[in-house]
Every structure is written in structure tokens, then in C-alpha cells.
Amino acid sequence: MTPQLSWYLALSAVLFTIGAVGVLIKRNVISMFMCIELMLNAVNLTFVAFSSFFRDVSGQLFVFIVMTVAAAEAAVGLGIIITIFRNRESLDVDDASTLKL
Amino acid sequence: MQQTNLLSLIIFAPLFGALINWLIGRRVRHERFIGLVACAAVGVSTIVAFYLAFKSDGALRTTQPVMDHLWTWVQVGGFRADFGLAMDRLSGVYALFITFVGFLIHVFATGYMHGDRGYYRFFAYLNLFMFAMLTLILADNLLLMFVGWEGVGLCSYLLIGFYLDKEEAAPAAKKAFIANRVGDWGFVLGILLLFWITSHAGAPSISFFDKAGVTSALATVAGMPVDGFGWGAIFAGGLTSVAFLLFIGATGKSAQIPLFVWLPDAMAGPTPVSALIHAATMVTAGVYMVVRCSVIFTHAPTAMFVVAIIGAATALFAATIGLAQNDIKKVLAYSTISQLGYMFMACGVGAFVAAIFHVMTHAFFKAQLFLGSGSVIHGMHHEQDMRRMGGLRKYMPVTWLTMCAGWLAICGVPIWAGFFSKDEILWKTWSGHMPGVPPGVNKALWFVGAVTALLTAVYMTRLMVMTFWGNERFVTQVDNLRPEDTHAQSKSQINNLRHMPHESPLSMTIPLIVLALLSTFGGLVGVPYALSSLTGGHPENYFERTLAPVASEVPETAGSTSEKPAELHWLSPAPQAIDGKPAVQPAEGSSRADAVPGQEEITQERLFTLISVLIALTGISIGWFMFQNQPLRQMPRLLENKYYVDEIYEATVIQPILVVSREGLWKIFDLGVIDGLVHGLGRTVVNFGKTVRYMQIGFVRVYAAIILAGAIIIVGYFAYNGAHALQFLTK
């Protein structure tokens, strides 16, 4: 039984949903951040699956772009998180509700 | 066409004088200097006007107008309006008497205004008025004429309100201004409609004369068929509407029913102003405009009829009020309204030349009477109530004698100026015809005119008797003065009563003498054939001969086309490119003026002249015997209170407008609708902001949820509608 396209898509949807729900329900900023990464990778998985299914390499190119963006985002995001932590001694996003540091 | 820049000197000399007095005179504050500048400015105008009118090829000698194109003002497509001046025979006559009478009044005012704090201001305004008035009459198109028209309105406003410390002056000035605005509304609409009509005729224009690149609007109108007679024509948007709207403008400026109410109040201004603006010149601008546009009026018999009726009604109405006034200037003011009514009656029956003749003689004798009254007021230390005068001829012999000339002239006693012009109007009213109107109307108008002439003689005699004859009532306080009449006078009035009246200085009496001579002999330029032929010599009506070319003639029947041979001599054919061709251009010396009337007609005219003389003498004797012994005779309350016209206007026009403005426009429309809209808009934005504020509470996870919801909606939309919803991407 070879893996079907729909399996990959189903897995991707599950991962994306977990990520989305995680962003919504988690308070810890690190967890939220990881959930975002999870959503990105779920999309990556879709790209790769379609790329393989359609025999089209451009999907994989997109994946590289997404990974690059994710890396950049991780760098910036972690920097922000560290700053917030230094200022507030807390990683709870609900504490950072005044739209300023 | 003659092109000469001298013409613009006529209008710009007074403007220059006004500027000098306003800028330098106010610092110098030297009465000699200010008076000299003002009089010299008008003097220059007078000399230039006389030169241009009477030189060998001057405006009054040839049919070609003297023109001065200063600059092109408006040029839109085929339409052009210039800042250009033109002096033809009509504006020439006007310019002559305006500058000359104006000059005399300026000289008079240097004496009358002596010691006033606003001396420089007065003469600056007066010169500015001369500039505006001369612009009005010398303008070669309706647009520039309107500039002058508004200019004289402004100066009238400024001068009526000249006495800043006088309680009634400011409301009087406002009243004059607002009543004139009502008239100007009609005037502007008339100009626009004329432009519209000439545009449809293929030659958009509002000019009076043909020039290079400009077609005369009057020539275009002259080539059009005559409107039919009927009330519907007024609203049909044709020539009748134009004439009617222009006449509304004239009723405002020339104080006719229903807009005459401002003129009596305008007497709050200094007396020279009353003489110059509210008797001799500005108020006759309406007559000038009607005569200038006489082609339009003769093409609109309905409008002519209205003009005649309004004129006759105003003449009679104002004369009856004039009977019962006690303020010397108020009597003269109502007399002016009445005489203006005469002029419009003449215009209405097609006797345009007679109207202009009366304008001119009226300028002489009414300016004389006003200046005479000014001299009396000056000599009486600013007393205007005739009930506190009497017996003044002993104290002011020059004023008395000169005013007698004006008195006889306005009453219409033979050889005095008013006799010829008034008689001419009455005769033309009787003998004229108005197309579409039964001939009985002319007779009725004549009757109204005759009754008015009688009343005129009565009230003018009353004025003279109360002022110059009888016992000297200024010595003792008059008993039967009602208290409401005394409060108008200033506080120092009681003290002034102790001063004896005195004759005025030379600067005031000399203009009086000149004007008295003009009132006496000025009418001799227009002696009708029926009278001049009595003496045998000089059987030529110089005035009518001069002016006949500029006035249009009433067509025989209403609704006829203007193809009749009788009119061909003044119809210009197709618009021509010849410069300066007047709109209405007959051969030199119109056949009308030269034609010797039939013997029967002459006899009839002589008979009517006799009737006029009898009417005048009867009026004078009635006035004499009624008021000689009883100068303080109680006049009917209705007349004394001016038929309550001011009160009626107050109740029917002013109060409703005030109530509608306050309760409707202000409290409902302004506060409700306008403010409601603005505040409502503000409240809506605030409320919307209050609602959407809850989306921005600062919790990151809420933002994330909103983003997610948005994404789900978008994706869901495309998922639901399928791939074809994405087709816009491939387009």
C-alpha cells in the first residue's frame, strides 16, 4: 500500500490545525512561536506533497523560500521574545497587552 | 466711430479725486484743499463732457457715438463685453446734466458741509458716486452698466448712512441697499435672459453698440418680431420677460411701486446727497436704462403697459403722500418719486424723448429745490420740520427767490422748465397709443397725470407757504406738535431755536442761482412745435430732434413683424463690421422730429397745454388759499402716515421673512438639518469607533484569532464557490 496524496494532505491539515489551535490557546510566547513553526511546516509538507504528485519542482522551491523566511522570522521573533522577557520577567503574552514596552 | 481717450477722463477724474481725498485729504483735513480737489475733479469731467458733446463732430452733433475702448473685459466664444465707454446722444445729454448739476452740488456742499468731521469722507464718497454714475451712463454694454449701477447703489448706501451719530441713518441706508438688491435681482436676470435670447439669434451680445467684433444686442432685438400682448408673455422667456425684468431693476433704482419705500428714508443723508443722488441723477438711472433699452420695450407691449401703469400709479400715490408730510425733505422726496412716476408713464406710452426731457428739467428744478431746502435747513440750524419755519423770505431772500423758480418749474407754470416737459408728457400720454391696449387707457393715464399735476402744485405751494410765508413759528415752540415728532431732533434743538435764521454763504447761493436760472430757462431747448410756432420763429424742437434717433418707436400693432417701412429707417440690417454703428441709427434728423404735425393736432395740443396751465394755476391757488392762513392745517392721518405702507411691508414682507428665517431656516433647517448632519456624522464615527475599539484590546491571541477567522472566510469563500471564483487571476 503506497502512500496516497490524501494521506499527506490529511497529516498536513492535522499539523496545521494543531498549530493554529496552539497559537490561540497557548499563553506562553515560546509555545506560540513553536506552533507558528508547526503551521509553516504543515504548509511545507503540502507543497512537497503536491510537488511530488504533479512532478513539478517549483513546489519544492517554495519550501526553500518558506524555510528561509521561517529562519529569518525565528531570528527576529526570538529577539523580540528575549526583549519582552527582560522587560516584563514574563513570557505570558496576555501580560503584554498595552501595545508598548 | 470716433475713438478718443478723453472720454475715459470723464469717469476717471472723479475717481482720482475720490482717491486723493481718501488718501491725502484724510491726513490733511483741510477743508479748502478737500473741497477744491473734489470740485476740480468734477469740473474736469464737466468740461470734457461739454467738449465731447458739442465739438464739431461731437456726440450731440452727429449720429456716430464717441467711443473709448479701454480693455476687453470678458471674452468667451463669440461673446465679448468690454470695459468700453460710449457717448451717443442719449448718454451725452445725461453726461451733460449729471456733470454740470453734479458740479454745482459739489460747490454747494463745500459750504453746506462746513465744519463736519467727515468732510474728507463726504467728498471722497461724492466723487466716487460721480465716477459710478458716469460709468453707468457711459457704459457701452449692460454688464459695465451694471457695474456703475451697483457702484451708485454702494455710494448711495455710504452717503445715506453718512451721519454716523444719527439714529435713523444706518437703518435707512440698509433699507435703501436691500430694496435696491431686490431690483438688481431683476436687472441681472434681465441681462442674462437678453444674452440667452441674442445667443439663440446667433449673435450673443449685451452691448448697446456695434464695434469691431461686437454685435449690438439692441440691433439684434430690433430685427426680431414684436411680442404679442398678453400676461402670459411676461413669463414666456421672450423679449417681454427681458423688458419686465429690466423694469424690476428700474423700480428698485428709481423708487417706483413697490420698491419706492427706501427713497423717503434716504433723506437721512446730508441734503447735497439728497439733491445729487436721490433727486437729480441716480434715481433717474432707471429711466435711462429703460430708454437705452427702448428697442426691447417697444418689442414688448405688455411690459410697456406695465411700465405706464406703475408709473402713473406711483405718480399719483406719492403725490398724495407728499401733501401731508411735514419734513421739508420728505415732501421733496415724495415729489421726486411722483415725478419719476411721470417719467415712467412717459416711457410706458412710448414717449421716451419726453421722459428724458423731464429727467433733465427735473434734475434742474429738483436739485434746485433740494439745495434750497438744504439752504433753509442750514440757515435754520438743522431744523427740517416745516411747522417750525415760516416767514423765512425776510431772512433768506436769495434762497426764497431761487426756490420760487424751482417751485414754479415743478408746478408747470409756463416758460419755467417743468412746464414744457410735463406738458409734453401729458400730451404724449393723451395722444399716444399703446398696442394691444384700448385707447381709453391712455385717456385714463392722462387723467391720473393731470390729477398728479394738480396735487404737485398743491403740495409744493404748501411747502413754499409753510417755509417762506406766514408767521415766524421758529421763534416760539409750536403747541400742537405731537410729542413723537420732537424726539427725532437732536438734544440741542431747543437751544437752536433761539438762533435766528440766516442767509447761506456765497458757495451755497451761487449754485442756487445757477440752478434757478436753469429751472427757468432750461426747458426752452425742448419747446414743442405747437407752442414754438405760435411765436413764428425757431419752430424746431431741438431736444427732440437730438434725442429722437436713440429712442425706439412703438410699433403700430402688437404682434406685427418689424417689416413695416416706417421702421426700416432705424432697423440696422445684418450685423455689420463697421465700428461704432449705433444700435438704432436713423438718418440725420429723424423724420419724426421734423415732421410738422397736422393743424388739427396742433390745435388739440395747444388746448391741452392750456389745460395744463390751468391745472397748475388752480393747484397753486388751492395751495395758497388752503395754507396761507392755516399753515398747520391737520392733514388726513392716512396720508400723513404714508398709507401705512411701511407698516404693511413690515407686516406682510419683513415679519414673515424674519419668522421664516428665525423659526424655519435657523431653528429647523440650520440647527436641525445642517447641524444635525454634521453632528450626526460625528456621532456615527464615534459610535463606530466605540464598537470596533473592542477588536484592539492588546491581546495577541485575539488578533491571531481574527486573522485566522479572516483567512478561513477567504479560503472558505473560494472553496465554496469552486475554482471559477479564481478566474480573475487568469484574466
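Listing for the model above:
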| item | result |
| --- | --- |
| Any hit, the range B:406-422, residues being within 21 Å of B:Ala109 (Cα to Cα) and modelled with pLDDT of 90 or more | yes |
| Test result for B:Ala179, more than 23 Å from B:Tyr94 (Cα to Cα), within 12 Å of the chain's Cα centre (by Cα) and assigned to a helix (DSSP H, G or I) | yes |
| B:His106 vs. criteria of a type outside the set (Val, Ile, Thr), assigned by TED's automatic domain parsing to the domain that holds B:Val283 and closer than 16 Å to B:Ala132 by Cα | yes |
| Top-ranked residue of the range B:146-166 - restricted to ones that are more than 21 Å from B:Ala279 (Cβ to Cβ) and in a helix (DSSP H, G or I), ranked as farthest from the chain's Cα centre (by Cα) | B:Val147 |
| The range B:53-92, residues that are in contact with a Ser or Thr (Cβ under 7 Å, 6 or more places away or on another chain) and part of a helix (DSSP H, G or I) | B:Arg89 |
| Count of residues meeting criterion [loosely packed, with under 12 Cβ neighbours inside 10 Å and among the small types (Gly, Ala, Ser)] in the range A:1-19 | 2 |
| Residue under evaluation B:Arg117, criteria (1) under 17 Å from B:Leu36 (Cβ atoms); (2) over 21 Å from the mean Cα position of the chain (by Cα), criterion not met | (1) |
| From the options B:Met360, B:Met403, residue that is crowded, with 24+ Cβ neighbours inside 10 Å, at pLDDT 90 or above, in contact with a Phe, Trp or Tyr (Cβ under 6 Å, 6 or more places away or on another chain) and not acidic (Asp, Glu) | B:Met360 |
| Qualifying residue in the range B:232-242 (condition: of a type outside the set (Phe, Trp, Tyr), modelled with pLDDT of 90 or more and touching a Ser or Thr at 6+ places or on another chain (Cβ under 9 Å)) | yes |
| Residue in the range B:252-261 that is charged (D, E, K, R), under 11 Å from B:Lys329 (Cα atoms) and in a helix (DSSP H, G or I) present | no |
| Hey, B:Phe187 modelled with pLDDT of 90 or more, buried (at least 18 other Cβ atoms within 10 Å of the Cβ), assigned to a loop (DSSP other than H, G, I, E, B) and touching a Gly at 6+ places or on another chain (Cβ under 8 Å) or not | no |
| Listing of helices (runs of 4 or more DSSP H) fully contained in the range B:617-731 that carry 1 or more residues being within 14 Å of chain A (Cβ to nearest Cβ), modelled with pLDDT under 90 and more than 30 Å from B:Leu463 (Cα to Cα) | B:700-721 |
| Qualifying positions in the range A:74-99 - within 14 Å of chain B (Cβ to nearest Cβ) and surrounded by fewer than 12 Cβ atoms within 10 Å (Cβ to Cβ) | A:Thr98, A:Leu99 |
| Among residues of the range A:22-40, those that are free of Cβ contacts under 8 Å to residues at least 24 places away in the same chain, over 8 Å from the mean Cα position of the chain (by Cα) and within 11 Å of chain B (Cβ to nearest Cβ), counted | 5 |
| Only listed residue being at negative phi, modelled with pLDDT under 90 and away from every other protein chain (no Cβ under 14 Å), chosen from A:Thr2, A:Thr68 | A:Thr2 |
| Residue tally, condition away from chain B (no Cβ under 14 Å) and buried (at least 16 other Cβ atoms within 10 Å of the Cβ), over the range A:41-64 | 11 |
| Only one of B:Ile197, B:Ile206 that is under 27 Å from B:Ile309 (Cα atoms) and either more than 14 Å from the chain's Cα centre (by Cα) or among the β-branched types (Val, Ile, Thr) (or both) | B:Ile197 |
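Yes or no, residue by residue, for (1) in contact (Cβ under 8 Å) with a residue 40 or more places away in the chain; (2) assigned to a helix (DSSP H, G or I); (3) of a type outside the set (S, T, N, Q); (4) closer than 30 Å to B:Pro439 by Cα:
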| position | (1), (2), (3), (4) |
| --- | --- |
| B:Gly237 | yes, no, yes, yes |
| B:Ile248 | yes, yes, yes, yes |
| B:Leu263 | yes, yes, yes, no |
| B:Thr284 | yes, yes, no, yes |
| B:Val287 | yes, yes, yes, yes |
| B:Ala303 | yes, yes, yes, yes |
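The values are calculated or read from the model by the stated rules, or taken from the named source; none is laboratory data. From a predicted model like this one, the values you see are computed outputs, not experimental measurements. Glycine also receives a Cβ, built like all others from the backbone with ideal geometry; neighbour counts cover every protein chain displayed.
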